[in-house]
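K.L.:
Pasting in a structure now, in structure tokens, and then I'll have a few things to ask.
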Amino acid sequence: MSKQIPPATPELNRLRAAAGLIPIIEAGLIDAKLSAERAALMASFCEWTTEKRSTDPNAIKLAESVDEGLKRIKRALASAV
């Protein structure tokens, strides 16, 4: 049975983009293909997407996922300094 994808909203689209960006940032830091400054800018976009909390369960789940990824990125950036 196929999984139903919730309808697109600007909020969900931003959160989806941020959730997709997290592994790209992490991989770029690990491979040293992404500078700490660039990673911080990308992470700030991800953080911005989670500032406004929604009542939509899909948005809440995505925001939590992005928050967890941001914690990992911040730890990686802190150790890179």
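The values are calculated or read from the model by the stated rules, or taken from the named source; none is laboratory data. This one's a predicted model, so the numbers in the text were calculated from it and none came from an experiment. All Cβ positions, glycine included, derive from the backbone under ideal geometry; neighbour counts span all protein chains shown. Note: areas computed on protein heavy atoms with side chains; ligands, DNA, RNA excluded. Shrake-Rupley method; radii C 1.70, N 1.55, O 1.52, S 1.80 Å.
K.L.:
Are any residues in region 5-17 surrounded by 13 or more Cβ atoms within 10 Å (Cβ to Cβ) and farther than 14 Å from Ser54 by Cβ, and if so, which ones?
P.N.:
Passing the criteria: only Ala17.
K.L.:
Here's another thing I want to ask about it. Which numbered condition trips up Ala18, out of (1) among the aliphatic types (A, V, I, L, M); (2) out of contact with any helix residue (DSSP H, G or I) (no Cβ under 7 Å at 6 or more places or on another chain); (3) under 28 Å from Ser79 (Cβ atoms)?
P.N.:
The one condition Ala18 does not meet is (2).
K.L.:
Identify, please: which residue in region 68-81 is within 27 Å of Ala8 (Cα to Cα) and either open to solvent by 40 Å² or more (accessible area, probe 1.4 Å) or basic (Lys, Arg) (or both) and is, among those, nearest to the chain's Cα centre (by Cα)?
P.N.:
Looking at residues that are within 27 Å of Ala8 (Cα to Cα) and either open to solvent by 40 Å² or more (accessible area, probe 1.4 Å) or basic (Lys, Arg) (or both), I get Glu68.
K.L.:
Restricting attention to region 36-77, and to residues there that are charged (D, E, K, R), within 26 Å of Gln4 (Cβ to Cβ) and not in a helix (DSSP H, G or I), which single residue is modelled with the lowest pLDDT?
P.N.:
Arg53
K.L.:
Under the condition of being open to solvent by less than 60 Å² (accessible area, probe 1.4 Å) and hydrophobic (A, V, I, L, M, F, W, C), which residue from region 36-59 is nearest to the chain's Cα centre (by Cα)?
P.N.:
Top of the filtered list is Cys46.
K.L.:
Can you pull out every residue in region 36-81 that is touching a Ser or Thr at 6+ places or on another chain (Cβ under 7 Å), in contact (Cβ under 8 Å) with a residue 12 or more places away in the chain and among the aliphatic types (A, V, I, L, M)?
P.N.:
Ala63, Val66
K.L.:
Would you please name the residue that is farthest from the chain's Cα centre (by Cα), looking only at residues in region 18-35 that are exposed (fewer than 15 other Cβ atoms within 10 Å of the Cβ) and assigned to a helix (DSSP H, G or I)?
P.N.:
Residue satisfying both the conditions and the ranking: Ile30.
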